[in-house]
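Every number in this text was worked out from the coordinates using simple rules, so none of it is lab data. Only a predicted model underlies this, so the values are computations on that prediction, with no experimental measurement involved. Cβ coordinates were reconstructed from backbone atoms using ideal geometry, including for glycine residues, and neighbour counts include every protein chain displayed.
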Amino acid sequence: MTLEAWMRQAGLARIDALVLLRELAGIGHATLLAHPEISLDAAALGPLDTAATRLRAGEPLAYVLGWREFYGLRFAVSPAVLVPRPETELLVDFALARTPHDGYATVLDLGTGSGAIAVAVAHARPQAEVWAVDSSADALRVAAANAQALLPRPRPGGPLLLLAGDWFAALPAAAPRFDLILGNPPYVAAGDPHLVALAHEPQLALVGRASADGLADIRRIVTMAPAHLAAGGWLALEHGHDQAAAVQALLRSAGLVAVQTRPDLAGIARLTLGQAPARARIRPNSGSSAPMT
Ligand SMILES: C[S@@+](CC[C@H](N)C(=O)[O-])C[C@H]1O[C@@H](n2cnc3c(N)ncnc32)[C@H](O)[C@@H]1O
């Protein structure tokens, strides 16, 4: 079968077909344009047709290829992890802006999945001590593989520590207080119609503890975060397009200050931040915005 014929019969968006040709058969766009008559042999056709069938069935391109680029790094992904999204790069931007290039900082990534956030931060800030938690053992295996493939060994600064468990309960008693606690936790409401289009991704990553407003996991994280933040440390959480006001209220009621929301590149309120008061101990889930001193 010629390249031109395969493009016609693949039944894919042109951009997806071009990516498959490039990634699975090593055939670039220029070759397709200059030599559409080139024949694809059986060794090339098999993987291309299998991939096209998976894409037509609605599987994300990242699962079909086995990778997705995030923050300029190629992360391995599998159906055990959420496909890292471009808007999540905001969390990494925030973390890097708050972490000195050559200085020490403690960073915690809650719900690390593929390890996208934690590995991107550790890659850009080798002196930082980065911890990452997930309750899915399968996801942690993917994160560990990405850490091994993408981070220099041995890291000159603190290691990237991967821990299994339920949010902060995964941390050992000796864990430090963190300068930055980052998270892209599950925030899709149970029964949200968007879940149909996301059926190939892990429901634990999308919905977590099912709740009508999608905020069950964010509530639990915000309640516990003050006990794990260093004085002046920041909690930064990604959330859904209509959740900013609710997340801001949660952060304020946990005693965090300088609470603010940042938009993603599409202008959608996406990332809400709050800071532990400097040189003050705050009461976890106090229900008051006044810090305890
Ligand atoms: C939305 S995904 C985010 C994955 C990754 N950080 C990213 O941004 O691409 C949420 C992650 O939280 C994990 N998770 C869900 N409930 C959890 C819990 N109770 N404790 C720890 N991790 C949890 C899921 O397994 C999933 O990997």
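A few notes on this one:
- Whole-Å semi-axes of region 7-158's equivalent ellipsoid (Cα gyration tensor): 36, 16, 13
- Gain on full stretching of the segment that runs from residue 265 to residue 97 - 0.36 nm per residue minus C-alpha separation: 58.8 nm
- Sorted from greatest to least, the principal axis extents spanned by the alpha carbons of region 3-57 come out as 31, 22, 18 Å.
- In the chain, Cα pairs under 8 Å separated by at least six residues give a relative contact order of 13 percent.
- In the chain, the inverse of the mean reciprocal separation of distinct Cα atoms equals 20.5 Å; this is its Kirkwood hydrodynamic radius.
- Helix 137-150 vs. the chain, principal-axis angle (Cα, 0 to 90°, nearest 10): 80
- Between the Cα long axis of helix 89-98 and the first principal axis of the chain there is an angle of about 40°, rounded to the nearest 10.
- Note that region 190-243 shows a convex hull volume over its alpha carbon atoms of 94 Å³ per residue.
- Top of 153, 262, 125 by mean-square fluctuation, Gaussian network on the chain, Cα under 10 Å: 153
- In order along region 66-72, the phi-based Karplus estimate (6.51 cos²θ - 1.76 cosθ + 1.60, θ = phi - 60°) of 3J(HN,Hα) comes to x, 7, 8, 7, 8, 6, x Hz; Gly and Pro are listed as x.
- The GNM of the chain, with springs linking C-alpha atoms under 10 angstrom apart, assigns the highest mean-square fluctuation among 173, 249, 197 to 173.
- Distance between the pseudo-spin-label points of residue 242 and residue 223 (7 Å out from Cα toward the beta carbon): 2.4 nm.
- Under 5 Å, built H, 5+ apart or other chain: amide partners of residue 131: 107, 108, 109, 161
- To the nearest ten degrees, helix 14-25 and the longest principal axis of the Cα atoms of the chain are 80 degrees apart.
- Taking a point 7 Å from the Cα of residue 169 along the Cα-to-Cβ direction, the residues of region 212-243 with backbone N closer than 14 Å to it are 217, 220-221, 224.
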